[in-house]
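*Asks:* Got a structure here, written out as structure tokens. Questions coming.
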Amino acid sequence: MNDEDILYWFETFHRDCPDGFLTQQVFIQFYKQAFHDGDPTKFCKRIFHIFDRDKSGRSCSSLDRFYKLIFTSAGTIDFMEFLLAIDLFENGSLYEKLYYAFQLYDLDGNGILTRTEIVRLIKMILSVRGETTNDQTKQTIRAHLNAFLKHFDVNTDEKISLEKFCIICEKDEVLKNFLSVAFAI
């Protein structure tokens, strides 16, 4: 990302967040504009959580505020975190994007995707896409889950490591496209 890009994102961030902070609620509203047919709320909360590295809960528009927030706030995203996320979307390597996608889907943060997390992941993605949870959707979820586990769970322990996740996603375009709702993988 060059200086012009950084300046553009700084100005955009400050214009959209004149008080200098991007809250989770505002982030969800931005995402809803992009996915107006679905409900990305749960998905956005996960994305926000992943990129809120200092857990301050809002984004800072200046470096001075950023350094103050690291030590004084909890549960927010600052401008630097925002900028790192934008850079990941635009310029991140496949591995970086897959790493963050894995973090997004690893709900308990233990480094392993389980059947339960995969079901929640599929429901979140379908919700973002605007697909309701009816009998048809439940069948779709089961089909996606079975396909997901078939690809990933080669030893049938129903646990998917980051390594397995990356290897399979690199090879499977359909799966990569399904999972890329959060990251332009």
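The values are calculated or read from the model by the stated rules, or taken from the named source; none is laboratory data. In this text, all values refer to a predicted model and were calculated from it rather than measured experimentally. All Cβ positions, even for glycine, are placed from backbone atoms using ideal geometry, and neighbour counts span all protein chains on display.
*Asks:* Out of PHE82, PHE102, report the one residue that is in contact with a Leu (Cβ under 7 Å, 6 or more places away or on another chain), at pLDDT 80 or above and buried (at least 19 other Cβ atoms within 10 Å of the Cβ).
*Replies:* PHE102
*Asks:* Out of ASP153, ASP135, which single residue is at pLDDT below 70 and acidic (Asp, Glu)?
*Replies:* Residue meeting the stated conditions: ASP153.
*Asks:* Might you check whether a residue that is under 24 Å from ILE125 (Cα atoms), touching a helix residue (DSSP H, G or I) at 6+ places or on another chain (Cβ under 7 Å) and at pLDDT 75 or above occurs anywhere in segment 10-19?
*Replies:* Checked segment 10-19: no residue is under 24 Å from ILE125 (Cα atoms), touching a helix residue (DSSP H, G or I) at 6+ places or on another chain (Cβ under 7 Å) and at pLDDT 75 or above.
*Asks:* If the Cβ limit is 6 Å and pairs must be 6+ apart or interchain, which residue in segment 1-14 that is closer than 15 Å to GLU90 by Cα pairs with which residue that is hydrophobic (A, V, I, L, M, F, W, C)?
*Replies:* Cβ pairs passing all conditions: TRP9/LEU83; TRP9/ILE86.
*Asks:* In segment 17-39, which residues are β-branched (Val, Ile, Thr) and free of Cβ contacts under 8 Å to residues at least 12 places away in the same chain?
*Replies:* VAL26
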